[in-house]
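The structure under discussion appears below in the form of structure tokens.
The values are calculated or read from the model by the stated rules, or taken from the named source; none is laboratory data. Only a predicted model underlies this, so the values are computations on that prediction, with no experimental measurement involved. As a convention, Cβ positions derive from the backbone with ideal geometry for all residues, glycine included, and neighbour counts pool all protein chains shown. Quick note on the areas: whole protein, heavy atoms, side chains included, nothing else; ligands and nucleic acids left out. Shrake-Rupley method; radii C 1.70, N 1.55, O 1.52, S 1.80 Å.
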Amino acid sequence: MVSQGSPTSLLEALSSDFLACKICLEQLHTPKTLPCLHTYCQDCLAQLAQGGHVRCPECRETVPVPPTGVAAFKTNFFVNGLLDLVKARACGDLRAGKPACALCPLVGGTSAGGPATARCLDCADDLCQACADGHRCTRQTHTHRVVDLVGYRAGWYDEEARERQAAQCPQHPGEALRFLCQPCSQLLCRECRLDPHLDHPCLPLAEAVSARRPGLEQLLAGVDNNLMELETTRVVEKEALARLREQAARVGIQVEEAAEGVLRALLAQKQEVLGQLRAHVEAAEEAARERLAKLEDKEQVARAAAAFARRVLSLGREAEILSLEGAITQRLQQLQGCPWTPGPAPCLLPQLELHPGLLDKKCRLLRLSFEEQQVEDGGKDEAGTQGGPESQSQQEVAAKPEGQSGVQPLPPKEDKAQSPQEDAGPQFERGGRSNKKKKFKGRCKSISREPSPALGPNLDGSGLLPRPIFYCTFPTRMPGDKRSPRITGLCPFGPREILVADEQNRALKRFSLNGDYKGTVPVPEGCSPCSVAALQDAVAFSAGARLYLISPSGEVQWRRALSLGQASHAVTALPSRDRVAVSVAGHVEVYNMEGSLATRFIPGGKASRGQRALVFLTTSPQGNFVGSDWQQNSVVVCDGLGQVLGEYKGPGLHGCQPGSLSVDKKGYIFLTIREVNKVVILDPKGSLLGDFLTAFHGLEKPRVTTMVDGRYLVVSLSNGTIHVFRVRWPDS
């Protein structure tokens, strides 16, 4: 229970929780020590005993209960001595009334005794002034240390009292333990020494301690060495885990980039093939139209001549027919001699030919390799073992696309009988450009989700996008929680601290950025915090259809009723932290610290009335508002007057509703898309730049996010877990 390292002072032991039972959380009563050296109340251990065993609540070690019960466990006389000292200091309150003298009733004084002003450290009795003077003058007690009672209760004489304190025999009250029975290893008083230990060799306590202290100190030194080794190993394990996570994050980014590069190349080939297809069809259609026009002209001429000849034959007189016979005959013979149907036009039907690798299940464009970390100096590695490739346990993970060094590509199956026309098809690049033409044959494999759009022209391939660096992860469920957490709000709260709105447990929980639990900010009874924001010495949160502003101690400063037309209301603090904004039925209301409505606007002005539904809302360091509009299915950026500066509703949302929003110190927007387990980046104007986090980074149904210090992105998951990532820009 006492911290390891330097010896703990008596004052620290008395003022810490060393004397508190870890089961009942009260001061130890009849302390019993288990073999694992953890001490608890005897009654608490009796309640834990099951089946003849007790499981230590701290180290989880199972200990058999002695046949006579938990009372047979070792009595912790060390804790008893400290408890006696604490009880003596706490006995009687000098402000409420002075303690009584312990000797006055014994010498014929009043039954209650006079007011005590001194204390004998040897007798452990409170004395009045007269008894204290007499105590110093008797032969038996003139060597006793009598001190001022006020100073004693202030702790001035704790060390002296501790030195003169004697452990009391549990079998003979009033008798101090003075001997150690060597065969029985039992502490004895003078009464116990007579029977049944009369014939046993016994040593005074001072001699016994002097004889046994070196052995204990030697064992303690050995354990200290083990603790140092454990600490070193723990540090090495943490560093190895951090390296593994960092390398895994890098490889994940490489996988994303390689996959997106392949997808972009495939999409480019798709556009090229579709363009060729359109050009071929347009040329064929143009040629067909020209042929059809010629055929229609010939048909019209022939029909006109046939109609004229038929009309002359049916309606003309003999002389008329004979006069026109020559002309009609010549024209009809001319028409019969013309080719009525042109030769067969070339009809080139398009066929899709796929690369054989797309049909080969063994073909892998991406592959992982696992390599052991090499020791640089050839000496001891970081784990403390001798160097050498075989002694390394840390594995590095590397993922490379096909065609790059370190990965051997799987060759696609080739069609042995290829025609020259088949050789003209497109091909994949492997290890540089190849002049060999591969035949595409088969059908395309469907993709489960749309790839993210290509990066903006100013960032594409330039490496200017930030990279996530894993920082830590921690759960938010605390021992007092009755239900699994449902995190509906996050916000920065003080230096490197976050405030978590747990709607399910009706709590505002405080955590450090490292995951240390710092307690809660009390909320009014019956309130289930939804969205939360931290202001100057105050906390604003929405619950139901109300907006609350409370102090860090939980005192309600004001509350405001909100519209009932919205299930939840997003809350955010302005950069100055002296105002709070809340989304209400498609518009934004801004309140000052006194609870007065400072401004109210609709993104896009009155023309957008009834066309907005801002479910998530945040602000940028530049003072702009960023919201997730579920009615327009877009991310909208506007200034403090409601003028829209930018709006994104493109394919980067994957057809999903935009989720939680956070903005870093540069004004870049981090948007959560829960359905596809992603966090994407938008520029300050709302244009999509690319992916920041994906399912590979451990995102499983991300719920809400917040940005701490402008460079730590905090992401909460639906199961109550929180991930923290550092946003690393290339120029940082």
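Descriptive notes on the structure:
- Potential extension, T599-L335 segment - 0.36 nm per residue separation minus Cα distance: 86.3 nm
- Going by accessible surface with a 1.4 Å probe and the largest first, R510, R486 read R486, R510.
- Simple label model, 7 Å out from Cα along Cβ direction - Q182 to S553, nm: 6.4
- Residue-by-residue Karplus 3J(HN,Hα) for the stretch 127-141, coefficients 6.51, -1.76, 1.60, Hz, glycine and proline x: 10, 7, 5, 5, 5, 5, 5, x, 5, 7, 9, 8, 4, 7, 10
- Distance between the 7 Å Cα→Cβ label points at Y517 and D578: 3.8 nm.
- The residues of the stretch 682-725 present an accessible area of 31 Å² per residue when probed at 1.4 Å with all protein chains retained.
- These residues, D158, D639, D578, go from largest to smallest accessible area, 1.4 Å probe, as D578, D639, D158.
- When the listed pairs K482/K509; K665/K685; K362/K701; K22/K74 are checked against a 21 Å cut-off, the alpha-carbon distance exceeds it for K362/K701.
- Amide H contacts of Q504 (H built 1.01 Å from N, in plane; Pro and chain starts excluded): R486 sit under 5 Å, all sequence-distant by 5 or more or on other chains.
- 3J(HN,Hα) along the stretch 195-210, derived from phi through the Karplus expression 6.51 cos²θ - 1.76 cosθ + 1.60 where θ = phi - 60°, amounts to 7, x, 9, 5, 8, 8, x, 10, 10, x, 4, 5, 5, 4, 5, 4 Hz, with x in place of Gly and Pro.
- Residues whose amide H lies under 5 Å from that of H29, counting only those 5 or more places away or on a different chain, are C41, Q42; hydrogens are built 1.01 Å from N in the peptide plane.
- Surface/4 estimate of mean projected area, convex hull on alpha-carbon atoms of the stretch 632-732, nm²: 6.7
- Note that the stretch 554-706, at 4 °C in a medium of 1.567 mPa s, gets a Stokes-Einstein diffusion coefficient of 82 µm²/s from its Kirkwood radius over C-alpha pairs.
- Couplings 3J(HN,Hα) for the stretch 502-508, derived from phi with the Karplus relation 6.51 cos²θ - 1.76 cosθ + 1.60 (θ = phi - 60°), are 9, 5, 5, 9, 6, 9, 10 Hz, where x marks Gly and Pro.
- A cut-off of 5 Å between modelled amide H atoms, ignoring neighbours fewer than 5 places along the same chain, links W558 with L549.
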